[in-house]
Amino acid sequence: MNWSIVITLVLLVMSNIIMTFAWYGHLKLQQMGVTSHWPLIAVIVFSWAIAFFEYSLMVPANRIGFEGNGGPFSLMQLKVLQEVITLTVFTVFVRLFFSNEQLHWNHFVSFGLLIVAVYFAFLETD
């Protein structure tokens, strides 16, 4: 088993979970009345504080995973993986915390096209 693949993917998933909370968690907190009276700058600082931990995982994921550092992925492959992970984590987050948001057929088509994008990103061209 190539542990750099596993470590990279785990770090990417963990970092995206944290980043989703940094980007969208404040909206749920606002709905709950926790941050509804906070000024925007306080919400930004709060999100930046969370994002610090995301960066603490994302940077090592990219370092470990990048083929230029001995990892298994090209830069484009890392980016495509990261985007698919981001949208997957976001979809789970929305379903758990924003139950009024609905998934429609076009979202599923979009996800299917992302899978096609991953296929093409990993297609050997040499």
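The values are calculated or read from the model by the stated rules, or taken from the named source; none is laboratory data. Just so it is clear, the structure is predicted and the values come from calculations on it, not from any experiment. Note: ideal-geometry Cβ built from the backbone for every residue, glycine included; neighbour counts use all protein chains shown. Heavy atoms of the whole protein, side chains included, go into the accessibility calculation; ligands, DNA and RNA do not. Shrake-Rupley method; radii C 1.70, N 1.55, O 1.52, S 1.80 Å.
With the structure loaded, tell me whether F120 is under 27 Å from S4 (Cα atoms) and in contact with a Gly (Cβ under 6 Å, 6 or more places away or on another chain) or whether it fails that test. Taking the combined requirement at face value, the residue does not satisfy it. Name every residue in the range 20-52 that is within 16 Å of F98 (Cα to Cα), open to solvent by less than 100 Å² (accessible area, probe 1.4 Å) and in a helix (DSSP H, G or I), in order of residue number. Result: T20, F21, A22, Y24, G25, H26, L27, K28, L29, Q30. Starting from the range 80-100, keep only residues that are within 25 Å of T8 (Cβ to Cβ), then list their pairs with residues that are open to solvent by 70 Å² or more (accessible area, probe 1.4 Å) and in a helix (DSSP H, G or I) whose Cβ atoms are within a distance under 7 Å, requiring at least 6 positions of separation or different chains. These pairs meet every condition: V89/I17; F93/Y24. Taking the criterion of being open to solvent by 70 Å² or more (accessible area, probe 1.4 Å), in contact with a helix residue (DSSP H, G or I) (Cβ under 9 Å, 6 or more places away or on another chain) and touching a residue at least 24 places away in the same chain (Cβ under 8 Å), would at least one residue in the range 59-66 satisfy it? No, that holds for no residue.
Residues being in contact with a Phe, Trp or Tyr (Cβ under 9 Å, 6 or more places away or on another chain) and either open to solvent by 70 Å² or more (accessible area, probe 1.4 Å) or hydroxyl-bearing (S, T, Y) (or both) are entirely absent from the range 98-121.
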